[in-house]
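A short write-up of the structure that comes next.
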Amino acid sequence: MARASSGAPSPDLPTKPDDSRLQGWYHTIELGNGLVSKGAYDLRSVVDCYGIPKSLRGKEVLDVATGDGFFAFEMERREADRVVAIDVARVGDCDWTPHMRTRLGPFAANDSWPAHFRMAHRMRRSSVEYRYCSVYDLSPYTVGTFDVVFCGSLLLHLQSPLLALHAIRSITREMAIIETAVLPELDEQFPGRPLLSFGYQGEEATPGEHTAYWILSTNALESMMRYAGFDPEPQGTFVLPPVGSIATAVIGRPSE
């Protein structure tokens, strides 16, 4: 489980709530000593909507596309025996279209982004293991296998989400938890249909600049998980605070 901060704080880490290094995070994370990062997403109030077991004692867990590490640290807090967090090494390794990768130029090749994870890891005195790995490269040979695999808010950013689910299935021993953005009107107007909406839902100056490709219906996510070799157990839809986007989570257990 997470190690509570104790003793004198490191001089190179934030010690006050107004420290600028706590601004501009992806995840809101409790860092110890009353400090909390200022994330675009504060998922603390909805963390139980995903279907994560209350206790992970005795389990090995993988957090796919960990970002700043909110879910990896949550798995550790739930007493998992081992937690591994993976993400790509730099912004340029995301699943960009070719023309967007060209536009990013040197930024895509050089920008490295696990700094917030590392800061949170130190401040929480965490034992979570961090590795660079794309979801497409997951296999028993690259990372091993895990009792629980968590993948949140990633499928919409992938050009090949079914391929990613196949990779996740290859390393899942007991259960995978997949969460992604959905369009409620697809479920309301076409119940039970595996429909998808393509492209970013807002405005883009250049197509692909948000790497947002697929918004699913709940049934579409369930169907994709069946094709990937899972028996799906939907957990329902919920709102991601504070931005208000709608998400759904599905537990997948390996099919026989």
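Read the figures in this text as sums done on the coordinates, not as results from a lab. No experiment lies behind these values; they were computed from the predicted model shown. Neighbour counts run over all protein chains shown; Cβ positions are idealised from the backbone, glycine included.
Per DSSP H run of at least 4 residues, take -39500 (n - 2.57); add these up for the chain, divide by its residues and hand me the 222 nm value, nearest 500 deg cm²/dmol.
On the way: 7 runs with 55 residues, N = 256.
For the chain, the value works out to -5500 deg cm²/dmol.
Any chance you could give the angle, 0 to 90 degrees and rounded to 10, that helix 161-170 forms with the longest Cα principal axis of the chain?
Taking the Cα atoms of the chain, the angle to 161-170 is about 70 degrees.
Taking the Cβ of each residue in 84, 91, 61 as the centre, tally the other Cβ atoms inside 10 Å and list the residues starting with the fewest. Display every interim value, and only then the final one.
Working: 84 22, 91 16, 61 26.
Going from least to most buried by this count: 91, 84, 61.
So what is the orientation-averaged projected area of the chain, using the convex hull of its C-alpha atoms, in nm²? Could you put the intermediate results ahead of the total?
Values: hull surface 57.4 nm².
Quarter of the Cα hull surface area: 14.3 nm².
If I model a spin label at residue 132 and residue 212 as a point 7 Å from the Cα along the Cα→Cβ vector, what separation in nanometres do I get?
Inter-label distance under the simple model: 2.9 nm.
Which order results if 123, 100 are arranged by neighbouring Cβ count within 10 Å, fewest first? Walk me through the numbers before you get to the answer.
Numbers: 123 22, 100 18.
Going from least to most buried by this count: 100, 123.
Setting aside same-chain residues fewer than 8 positions from residue 16, which lysines have a Cα under 27 Å from its Cα?
Residue 16 reaches 38.
With only Lys, Arg, Asp and Glu charged, each at its Cβ (+1 for the first two, -1 for the last two), find how big the charge dipole of the chain is about the Cα centre; round to the nearest 20 debye. Display every interim value, and only then the final one.
Working: 24 positive and 32 negative charges, 144 e Å.
Roughly 700 debye, rounded to the nearest 20.
Using only the alpha-carbon atoms of the stretch 50-90 as identical scatterers, what base-10 log of I(q)/I(0) does the Debye formula give at q = 0.25, 0.29 Å⁻¹?
-0.79, -0.99
By how many nm would the segment from residue 198 to residue 16 grow when fully extended, if each residue of separation counts as 0.36 nm and the alpha-carbon distance is taken off?
Numbers: separation 182, 0.36 × 182 = 65.52 nm, distance 4.28 nm.
Going from the current span to full extension adds 61.2 nm.
How many nm is it between the label spots at residue 90 and residue 38, if each spot is 7 Å from the Cα in line with the beta carbon?
Here the modelled spin labels are 2.8 nm apart.
Order by neighbour count: 163, 221, fewest other Cβ atoms within 10 Å first, most last.
Values: 163 13, 221 27.
Result, fewest neighbours first: 163, 221.
Calculate how steeply helix 218-227 sits against the longest principal axis of the alpha-carbon atoms of the chain, using the helix alpha-carbon long axis, and give the answer as 0 to 90 degrees to the nearest 10.
90 degrees
In the stretch 23-63, whose amide N lies under 11 Å from the spot 7 Å out along Cα-to-Cβ of residue 81? List them in ranges.
57-61
Only bridges with both residues in the stretch 22-254 count here: give the DSSP antiparallel percent, nearest 5. If you can, show how the numbers build up before the last one.
On the way: 21 of 43 bridges.
Looking only at bridges with both residues in the stretch 22-254, the antiparallel portion is about 50 percent.
When the Karplus curve 6.51 cos²θ - 1.76 cosθ + 1.60 is applied with θ = phi - 60°, which whole-Hz ³J(HN,Hα) does each residue of the stretch 27-34 get, with x for Gly and Pro?
Karplus values, whole Hz, x for Gly and Pro: 9, 7, 9, 6, 9, x, 6, x.
From a point 7 Å beyond the Cα of residue 103 in the direction of its Cβ, which residues of the stretch 175-205 have a backbone N at a distance under 16 Å?
199-205
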